[in-house]
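Worksheet: one structure, shown below.
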Amino acid sequence: MAGVSMADPDAKDPGVAVATDDSASQGSSASKSQKWTTTRIELWSFYLYYVGNNGLSGFNFGPSQFQNLLYLAGYDPTQPPFTAPCGSDTACVLPYLGKIRSINSAVLLTNGISFAIQAALLILIGTWADYGRWRPNITIFFTLVAVGVAFAWLGVQDPSQWRSGIALYVLGLITYQCALTFWTAAFPGLARNLPEVKQSAQLVDDGIKAEDAHADFESMMRNRISNISFAVCSAGEIIVLAIMIGILKGLKSGDSTENNTKAFSVIIAFSGGVWLACALPWFFLEKRRPGLRLPPGTSLLTIGFKQTSVALRECLRLKQTFLYLIFYFLMGDVLNTTVTVIGTLQNSVVAYSTLQLTLLLIVGIITQGLGIYMFWLVQKKFQISTKSMLCFNVFWILVSMRFFDVSPINLPNFTPQILTVWGLIGVHTTKFGFKHVWEIWLYQAFYGLMVCPWYAYSQTMISEVSPLPQMFLFFALFSVVGKTSAFIGPFVSSAIITGSGGNNNMPFAFLFGLGTFSTVFLYLVDVKKSRTECEEFIVAEMRRKAFDDAV
């Protein structure tokens, strides 16, 4: 953003101007500016954290182990309850939350419950990161709990413990997503305090450089940090997965169901240990940059609900933010639910083999690293904006599928639709639709190359349409919105599977329609207009107009 927050990022930034009293009294503006400068070692500790918080424990193997336990505890519905185990060619059900449900339906329902808890939690604590100096503690807390959950899986290795698996599955998802949310929200501040960005801001102060040019430059630096963090994570994750293959070989995971189930818990715990080791440098090296003061008459217990309601109201004034919020809500539902549905199908197709799942992840991570870094190189070379890169991503997808031949600037995001259409084919046929191992391998490669850049650019886009002083608040708001949509989708998909007699491909029809509709809102977002709207928002907040009604 140009203007007030960009001309002098340390002396004039409202996020610092209303900082805590102790920060306001420390030294000169120049010394404070130098103190908060992003160093190379701080930046690389930020990247390293993501190698640990790669999702293997809470997002990949945790859910797979949970589904594996449900499958082993379930029974064939064509026989009397619990008289015949589930087979590879038969349906699999068990009593869950007062109803006999298929395994995939139970997983989606539990996923929805997890996301609902995350949404409520982020409403309560989402704005805490904007106040005082202790905001890194939030990331530290969720990271340590997530690591503890990963180690707790060592005590859950028998199908009879599937109810304990529910608790660990839900806790694992919540802590992983919350830690990821607050870690991600730190990167705009890191970009703003880069030496080259500060130098660019000084040129604006001196009247040498235009504010729009500076805003574009800072946007490019945000993209650089976001994309490199994903690429570094991918490279580190490949090493972790390679070590896991050795662990699985040592445990002889393929020799028996018992060995395979034990192996799941062991590699989940191992990934938790890796996360802790990679997180420690960030815990100690992240600069505790000053935040805002709590408004009069508020406390940490009430500020979250008040600020979230105000942010939602202000989004109606921040029209471009609101448009992207709608898009993010709808597309988040499509992506989260699509990945969950495909994940449940993938687990079934490979018969919950830890070795197969690990090899599939290696393919996905290699292509993810290649895809994200390739997109970043293209963006850097041609100086393409964040929004255009979302369309740039889609352009190559559509070219490869030979759908259209048009400029990437005018294309909405159809990435998840390709996945949902493929899954939709499987409603009435057994030849396609994520029902064969070769389809899963193809999906992992496609997902890494063409879908994963979405996660980098969609997060950067949030920083493009959010006011800097309340950056954590708006990141938390978008996370709440994303989690709200993410528990609606699994609930609907679970009901669709149950209502269709256990057809696991039926949710793709719902996802395809929703994803197509959401692209309209992305197309309407105007980033330049958003900068103007955010400047006006910042000025209003400095004068305590924007948040007066909240206190």
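For residue 47, the stated conditions do not hold, so it cannot be described as open to solvent by 30 Å² or more (accessible area, probe 1.4 Å) and at pLDDT 85 or above.
How many residues are modelled with pLDDT of 80 or more and part of a loop (DSSP other than H, G, I, E, B) when one looks only at segment 116-129? Residues meeting the conditions: 0. Among the residues of segment 130-186, those identified as assigned to a loop (DSSP other than H, G, I, E, B), of a type in the set (A, V, I, L, M) and within 25 Å of residue 225 (Cα to Cα) are 185, 186.
One residue stands out in segment 502-536 among those that are open to solvent by 70 Å² or more (accessible area, probe 1.4 Å) and at pLDDT below 80: the one that is farthest from residue 219 (Cα to Cα), namely 512.
Just so you know, in segment 235-255 the residues that are open to solvent by 40 Å² or more (accessible area, probe 1.4 Å) and outside any helix (DSSP H, G or I) include one that is modelled with the lowest pLDDT, and it is 254. Residues in segment 175-234 that are closer than 23 Å to residue 53 by Cα, among the hydroxyl-bearing types (Ser, Thr, Tyr) and modelled with pLDDT under 90: 181, 184, 226, 234.
The residues in segment 103-115 that are modelled with pLDDT under 80 and within 17 Å of residue 142 (Cα to Cα) can be counted, and the count is 1.
Reported count of residues in segment 263-272, each being within 21 Å of the chain's Cα centre (by Cα) and either open to solvent by 30 Å² or more (accessible area, probe 1.4 Å) or not polar (S, T, N, Q) (or both), is 2. Being free of Cβ contacts under 8 Å to residues at least 60 places away in the same chain and farther than 30 Å from residue 175 by Cβ is a condition met by at least one residue of segment 56-75.
Scanning segment 63-122 for residues that are within 17 Å of residue 164 (Cα to Cα) and loosely packed, with under 14 Cβ neighbours inside 10 Å yields 95, 97.
Residues checked against (1) in contact with a Gly (Cβ under 9 Å, 6 or more places away or on another chain); (2) modelled with pLDDT of 75 or more; (3) of a type outside the set (Val, Ile, Thr); (4) surrounded by 18 or more Cβ atoms within 10 Å (Cβ to Cβ):
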position: 335; (1), (2), (3), (4): yes, no, yes, yes
position: 364; (1), (2), (3), (4): yes, yes, yes, yes
position: 378; (1), (2), (3), (4): no, yes, no, no
position: 381; (1), (2), (3), (4): no, yes, yes, no
position: 392; (1), (2), (3), (4): no, no, yes, yes
position: 397; (1), (2), (3), (4): no, no, no, yes
position: 402; (1), (2), (3), (4): no, no, yes, no
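Number of residues in segment 203-248 that are without any contact (Cβ under 8 Å) to a residue 40 or more places away in the chain and on the phi < 0 side of the Ramachandran plot equals 12.
The values are calculated or read from the model by the stated rules, or taken from the named source; none is laboratory data. The shown structure was predicted, so the numbers you read here are calculated from the model rather than taken from an experiment. Don't worry about glycine lacking a Cβ; one is built from the backbone with ideal geometry, like all the others, and counts go over all protein chains shown. We work out accessible area using only protein heavy atoms, side chains counted, and drop any ligands, DNA or RNA first. Shrake-Rupley method; radii C 1.70, N 1.55, O 1.52, S 1.80 Å.
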